[in-house]
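A short reminder: the numbers here are calculations on the coordinates, not readings from a lab. As the structure is a computational prediction, the values presented were derived from the model and not from experiment. Neighbour counts are summed over all protein chains in view; Cβ atoms, including those assigned to glycine, are modelled from backbone coordinates with ideal geometry.
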Amino acid sequence: MPASVLTFAEKKRRHEKIVVLTAYDALTASLVHAAGADAILVGDSAGMVFAGHETTLPVTMDEMLYHTRSVVRGARGAFIIADMPFLSYQCGHDEAVHNAGRFLKEGGAQAVKLEGADAGLVARLVSIGIPVMGHLGLTPQSVHALGGFRAQGKTMAAAARLIEHAKALDIAGCFAIVLECIPATVAARVTETVAAATIGIGAGIACDGQVSVINDLLGLSTGYVPKHAKQYAHFYDEGLAAIRTYVDDVRSGAFPQAEHSILTSDEPPAAKPETPRVDTTP
């Protein structure tokens, strides 16, 4: 059965870990879906890892819709959550409803994610049939207000406030809440307190599931790798080596060869060099 919001609730009930990964294009989405992830988040992190911006703030609705449609085409049947970019939901609930609806209607997503503690907006979206994933802790769209990409919830007061925000989002109807870069003990408290599934990223093992940025996981990065990320491969290094080999082959004339060339209809194919026969007679 395809994953849905019910998958998150059922896995939390059974204490089974939920796996979420980001994707921004059709090919990567097909890899994530084929690997068996429970959901794909089309994150506004695309602004940083895909487009090269320093923050997620420049990402637009049109860009997120483009990425969402690409992911939907690459991972048909997957449960896909679209990230609402900066200023797509902060300028009033009516505009937020319109933009969230576009992700389902035009993008093909099944749910949206939004940062912050606007429980009223969450309740309104849920009431008209738009599933919502919340996001608390380090909220990248508030990077300037937070003074940088800094861990949150480290003091007793901040932790208490975060837990109250999580409760409000839960009551409003979030099916899941991302907890980013908060102490593991605080994440455990939230997980125990709310019915929504908690999805951690730098928030410890007690969360109901985990989300990772696919570029971090695959080693598709040339710069800073967050402390909470684990690299399972080194695609950048391997790709760079392959491209360097191609560059050398073109410059030396080793590529292309006859087998890479197009023949005329009456031109016989080039004979492949014979493999020398090795006499094994004793």
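Selection of strands (runs of 3 or more DSSP E) fully inside the stretch 171-260 by the criterion of at least 3 residues being not polar (S, T, N, Q) returns 176-180, 197-201. Exactly one residue out of Ile81, Ile128 is surrounded by fewer than 14 Cβ atoms within 10 Å (Cβ to Cβ) and at negative phi, and it is Ile128. Checking each residue of the stretch 142-151 against the condition of being within 17 Å of Ser45 (Cβ to Cβ), touching a strand residue (DSSP E or B) at 6+ places or on another chain (Cβ under 8 Å), without any contact (Cβ under 8 Å) to a residue 40 or more places away in the chain and outside any strand (DSSP E or B) gives at least one match. Considering only residues that are loosely packed, with under 13 Cβ neighbours inside 10 Å and touching a residue at least 40 places away in the same chain (Cβ under 8 Å), which ones fall in the stretch 211-261? None - no residue of the stretch 211-261 is loosely packed, with under 13 Cβ neighbours inside 10 Å and touching a residue at least 40 places away in the same chain (Cβ under 8 Å), so the list stays empty. In the stretch 152-170, the residue that is surrounded by the most Cβ atoms within 10 Å (Cβ to Cβ) out of those that are in a loop (DSSP other than H, G, I, E, B) and more than 22 Å from the chain's Cα centre (by Cα) is Gly153. Selection of the stretch 58-101 for residues being out of contact with any strand residue (DSSP E or B) (no Cβ under 9 Å at 6 or more places or on another chain) and hydrophobic (A, V, I, L, M, F, W, C) yields Met61, Phe86, Leu87, Cys91, Ala96, Val97.
Of the helices (runs of 4 or more DSSP H) lying entirely inside the stretch 18-116, the ones with 2 or more residues being over 16 Å from the mean Cα position of the chain (by Cα), of a type in the set (Lys, Arg) and more than 21 Å from Gly209 (Cβ to Cβ) are found at 93-105.
Scanning the stretch 188-207 for residues that are in contact (Cβ under 8 Å) with a residue 40 or more places away in the chain, farther than 22 Å from Ala123 by Cα and either among the basic types (Lys, Arg) or surrounded by 24 or more Cβ atoms within 10 Å (Cβ to Cβ) (or both) yields a single hit, Ala203. Here Thr7 fulfils each of the conditions (1) under 21 Å from Cys207 (Cβ atoms); (2) free of Cβ contacts under 8 Å to residues at least 60 places away in the same chain apart from (2). Within the stretch 9-56, the residues that satisfy the criterion of being among the basic types (Lys, Arg) and in contact with a helix residue (DSSP H, G or I) (Cβ under 9 Å, 6 or more places away or on another chain) are Lys12, Lys17.
Note on the stretch 148-170: residues that are among the small types (Gly, Ala, Ser) and within 14 Å of Gly202 (Cβ to Cβ) amount to 2. Looking across the stretch 117-129, the residues that are out of contact with any strand residue (DSSP E or B) (no Cβ under 8 Å at 6 or more places or on another chain), among the aliphatic types (A, V, I, L, M) and in a helix (DSSP H, G or I) come down to Ala119, Leu121, Ala123. Leu57 falls short on exactly one of the conditions (1) out of contact with any Gly (no Cβ under 7 Å at 6 or more places or on another chain); (2) in contact (Cβ under 8 Å) with a residue 60 or more places away in the chain; (3) surrounded by 20 or more Cβ atoms within 10 Å (Cβ to Cβ); (4) not acidic (Asp, Glu), and that condition is (3).
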